[in-house]
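I have placed the structure first, in the form of structure tokens, so that the comments after it can refer back to it.
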Amino acid sequence: MSAVQPPRDEMRLLGTRIPYVEGPLKVTGRAEYTDDIKRPGMLVGRLLRSPWPHARLRSIDTRAARAMPGVFAVLTGEKYPTPFGVLPITHDETAIAVDKARYIGDIIAAVAAQDELTAERALATIQVDVEVLPEYTDPRVGLAPVAEPIHARGLAGTNIQKEVVQHFGDVDAAFVKAAVQVRVRGNFAGVTHAFTEPMATIADATPDGRLTVWSATQVPHYLHRSLSEVLGIPMHRIRVIKPEVGGGFGGKSDPLPHEIVCAALAIETGRPVKILFDREDVFLTNHGRHPTQNDVRIAADAEGHLLAYDIEALIDGGAWSSFGTVTTYYNGVLSMGPYQVPNFRYKGRRVYTNRPPSGAMRAHGGTNIRYTIEVALDELAEKIGMDPFALRELNALPPNSKTINDFRITSTSFRQCLAASREKSDFVTKWRKLPYGEGVGLGCGFYISGSNSPIHFTPKMPQSTVHLKVDMDGGIAVHSMQADIGQGSNTLLAAIIAEVVGVDLDRVHVVRVDTDVSPIDLGSYSSRVTFMMGNAARRAAEQLKEKLVHAASQLTGYPPEQLQVAHERIHVRHRDDVGVTFIEALHKAMETAGALTATGAYSSPPMGGSFKGARAGTAPAYSFAAYVAQVKVDTDTGEFRVSKVWAAFDCGRALNRLAVEGQIEGSIHMGLGQLMGESMNYRGARLLNPALLEYKIPMPFQMPEVECLLVGDDDPEGPFGAKEAGEGPLIATLPAVANALYDAIGVRFYDLPITPDKVVKGIEDREREGRAWKGA
């Protein structure tokens with residue numbers, strides 16, 4: 001349902017730059033993360049990981065470990081064999097390996113001991129007898145039947161985890177009538193999240209039959225469900241608490257095996273247990289961006305109107321399914337924006353391999369395919385002789401439209417994004433006119449504002465719920481299971497309440513996520529929090545405001561419709577002198593009911609077609625982006641520097657400009673990492689760089705100047721007109737830089753990362769072919 005959005009200049013807090021409410025605690029070291037929590041008698045949990053990429057577990061001898069002084073429990077997979085996973089349709093993970101180990105790093109045993117040294121010594125005594133099985137690290141091999149499928153659920157004896165085939169319109173006919181075509185094959189190394197805080201979990205099983213779990217998670221509700229399913233304990237006897245989380249980017253958006261193992265060890269010992277990962281553990285847990293090969297063909301007429309996309313994707317899923325079914329769909333369907341494409345065909349296959357599992361990483365499913373499409377569109381524009389901006393503007397999706405696969409487009413300021421980035425970057429005077437080695441490039445983006453379809457269909461419930469409680473002290477306690485992972489959602493939640501109720505921000509306290517008291521929200525993933533939590537919070541605040549206005553009506557004698565909420569006051573419209581304070585209205589409202597409570601909830605409206613997979617990629621709104629990057633290349637060494645990015649982004653109304661700009665800048669940094677050098681490097685199935693010394697994220701000096709251009713019009717259904725700004729800002733970064741490199745040196749790059757050796761080779765190949773560029 002569309003909501004009436006208040007004028008931007010009438011808002012007191014929202015739309016300004018609001019410092020994070022937890023900021024003082026974080027910068028003084030007082031914020032509490034999982035590793036900060038101490039429990040009396042707490043034991044140390046440690047995991048024995050498989051050194052084999054694929055092996056049948058014949059026997060695991062734990063007798064020596066169990067006999068060691070200071071060891072309180074040793075677990076192997078047969079005790080808790082129930083499979084689980086973030087998607088109910090693909091439960092193929094186990095807390096500890098059962099029957100087989102499927103990658104180097106798979107958990108095959110766990111211990112709880114009095115200290116780290118004892119735990120490590122206990123692990124060293126465990127004897128594992130295995131039958132080594134064939135190793136599968138090339139997803140192309142897994143497309144055909146194999147001798148020993150990694151999972152029995154692979155399609156028809158292959159290692160294919162998910163296959164998606166979609167066709168809308170008539171792609172073949174469109175290519176026959178096309179005046180111009182391009183074909184691009186992109187290859188993308190796997191990358192991981194590289195968040196600051198490693199995974200950490202504490203569990204405590206108490207004599208009253210309850211289990212409490214503290215964990216660094218993005219999805220407290222999904223973890224709650226999985227603990228219940230695997231451990232066989234009713235959900236009402238399990239309490240999940242989410243302390244502060246030091247970054248996630250999707251890497252903590254699955255219920256993870258170690259979380260369940262930690263809880264199982266606590267049950268076995270009757271003592272609190274902590275499992276804290278080192279960085280190698282984090283890399284082996286992974287769930288990062290999938291290594292991918294995609295083939296993209298694009299057809300257009302002579303004027304540049306897009307006629308068809310024909311896309312094929314081969315996706316390396318690693319050892320587990322994780323979000324892989326969704327990712328397989330997203331690699332195709334998220335190519336549908338921000339342009340009108342009348343004919344579309346997609347074949348995507350995600351294949352199990354004996355490598356750490358891939359999963360959801362910031363803008364999952366949308367990043368790799370967008371890179372290939374945007375590079376291909378630049379090639380297309382060059383063939384036609386069009387300005388790259390003109391091609392994209394010609395084909396831009398209009399507002400209040402539908403894509404051929406039934407995505408509902410409500411608001412879009414994509415054309416405004418194009419205009420802003422073009423003007424601010426002075427693109428016209430720079431493109432193809434800068435000296436050799438310097439260039440500018442355009443890249444565009446499109447992403448969901450929350451998944452329209454919930455992961456669990458039963459029981460039917462809202463996607464987000466917010467509860468408020470106000471007592472006589474005038475403080476507003478806010479309860480919600482939305483997961484702040486550093487992106488500022490607690491601040492936004494508090495600001496929405498304060499804006500609607502008319503109180504100071506410091507009256508509002510967002511209570512830590514605790515499943516005993518927090519109403520269900522599905523978590524922090526798919527850029528859903530601002531849109532879904534924001535709408536639920538606004539509705540809860542409106543309900544509370546109505547109760548306060550009713551009380552003020554009783555005190556003033558004026559009917560509620562003649563009253564309005566102001567700053568810490570409710571007064572008669574156009575009569576500032578006649579009214580009551582917030583506290584006076586609150587105390588009046590409490591006379592018969594005691595503490596005031598209010599509830600707001602949100603579920604996205606039904607949408608999508610009736611074909612298989614129709615819900616994948618549907619969202620109540622979409623973000624749009626148009627970035628221009630400027631680069632300078634050292635043509636002798638191949639090193640290049642991105643000097644500036646003009647980032648025009650449509651997130652609707654930016655409710656906290658400080659947070660939105662931070663998300664854009666952080667997204668650009670992460671996008672540059674994937675483009676410039678980040679890569680999970682393997683020899684066969686063995687990860688060679690599971691540490692931040694070898695896995696190279698961009699250094700501060702490599703970060704360009706960023707000019708954030710927030711140009712979005714209000715979305716009719718977003719909270720106060722807002723849309724997402726957490727994942728979408730990443731996508732346009734990569735192709736903008738790649739297209740700028742082409743402008744600089746005349747070399748196209750189809751494979752990521754783009755390292756200096758590839759730049760040098762590209763220049764040498766161009767020169768060998770006799771293609772001059774800007775006089776070089």
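The values are calculated or read from the model by the stated rules, or taken from the named source; none is laboratory data. Since the structure is predicted, the reported quantities are computational estimates derived from the model, not experimental observations. Cβ placement follows ideal geometry from the backbone for every residue including glycine, while neighbour counts extend to all protein chains displayed. Accessible surface areas use protein heavy atoms only, side chains included; no ligands, DNA or RNA. Shrake-Rupley method; radii C 1.70, N 1.55, O 1.52, S 1.80 Å.
Within region 754-763, the set of residues being open to solvent by 10 Å² or more (accessible area, probe 1.4 Å) and within 32 Å of the chain's Cα centre (by Cα) comprises THR755, PRO756, ASP757, LYS758.
The single condition among (1) within 29 Å of ALA722 (Cβ to Cβ); (2) assigned by TED's automatic domain parsing to the domain that holds ARG615; (3) touching a Lys or Arg at 6+ places or on another chain (Cβ under 6 Å) that PHE389 does not meet is (2).
Evaluated against (1) in a strand (DSSP E or B); (2) within 30 Å of ASP715 (Cβ to Cβ); (3) open to solvent by 30 Å² or more (accessible area, probe 1.4 Å); (4) touching an Asp or Glu at 6+ places or on another chain (Cβ under 8 Å), THR599 falls short on exactly one condition, (4).
Residue-by-condition table, conditions (1) farther than 17 Å from VAL466 by Cα; (2) open to solvent by less than 10 Å² (accessible area, probe 1.4 Å); (3) touching a helix residue (DSSP H, G or I) at 6+ places or on another chain (Cβ under 7 Å):
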{"site": "MET532", "(1), (2), (3)": "no, yes, no"}
{"site": "HIS550", "(1), (2), (3)": "yes, no, yes"}
{"site": "LEU555", "(1), (2), (3)": "yes, no, yes"}
{"site": "ARG575", "(1), (2), (3)": "yes, no, no"}
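Of the set (1) of a type in the set (D, E, K, R); (2) assigned to a helix (DSSP H, G or I); (3) within 19 Å of VAL184 (Cα to Cα); (4) more than 18 Å from the chain's Cα centre (by Cα), all apply to ARG370 but (4). Answer yes or no as to whether VAL572 is touching a residue at least 12 places away in the same chain (Cβ under 8 Å) and over 37 Å from the mean Cα position of the chain (by Cα). When the stated conditions are applied, VAL572 passes them. Test ASP99 against the stated conditions and say whether it is within 20 Å of GLY318 (Cα to Cα), open to solvent by 60 Å² or more (accessible area, probe 1.4 Å), modelled with pLDDT of 95 or more and within 35 Å of the chain's Cα centre (by Cα). Yes, satisfied.
For beta carbons closer than 6 Å, sequence separation of 6+ or different chains, a first residue in region 275-304 that is within 26 Å of ILE315 (Cβ to Cβ) and a second that is outside any strand (DSSP E or B) and acidic (Asp, Glu), the qualifying pairs are HIS287/ASP254.
Number of residues in region 412-443 that are hydroxyl-bearing (Ser, Thr, Tyr), over 26 Å from TYR346 (Cβ atoms), assigned to a loop (DSSP other than H, G, I, E, B) and open to solvent by 10 Å² or more (accessible area, probe 1.4 Å) equals 1. For region 2-32, the candidate set comprises residues that are open to solvent by less than 60 Å² (accessible area, probe 1.4 Å) and outside any loop (DSSP other than H, G, I, E, B); within that set, the residue that is nearest to ILE241 (Cα to Cα) is GLY23. The single condition among (1) open to solvent by less than 40 Å² (accessible area, probe 1.4 Å); (2) polar (S, T, N, Q); (3) part of a helix (DSSP H, G or I) that THR592 does not meet is (1). For PHE446, state whether it is outside the structural domain of ILE664 (by TED's automatic domain parsing), outside any loop (DSSP other than H, G, I, E, B) and crowded, with 17+ Cβ neighbours inside 10 Å. No, not satisfied. Just one of the listed residues (VAL517, VAL511) is at pLDDT 95 or above, under 30 Å from ARG569 (Cβ atoms) and outside the structural domain of LEU211 (by TED's automatic domain parsing), namely VAL511. Scanning region 633-665 for residues that are small (Gly, Ala, Ser), open to solvent by less than 30 Å² (accessible area, probe 1.4 Å) and closer than 19 Å to LEU734 by Cα turns up GLY638, ALA647, ALA648. Return the only residue of LEU48, LEU75 being out of contact with any Asp or Glu (no Cβ under 8 Å at 6 or more places or on another chain) and crowded, with 18+ Cβ neighbours inside 10 Å. Step by step, each of LEU48, LEU75 is checked, and only LEU48 is out of contact with any Asp or Glu (no Cβ under 8 Å at 6 or more places or on another chain) and crowded, with 18+ Cβ neighbours inside 10 Å. Among the criteria (1) more than 30 Å from ALA101 (Cα to Cα); (2) surrounded by fewer than 23 Cβ atoms within 10 Å (Cβ to Cβ), the one ASN681 does not fulfil is (1). For region 33-42, a residue qualifies if it is outside any helix (DSSP H, G or I) and among the hydroxyl-bearing types (Ser, Thr, Tyr), and exactly one does: TYR33.
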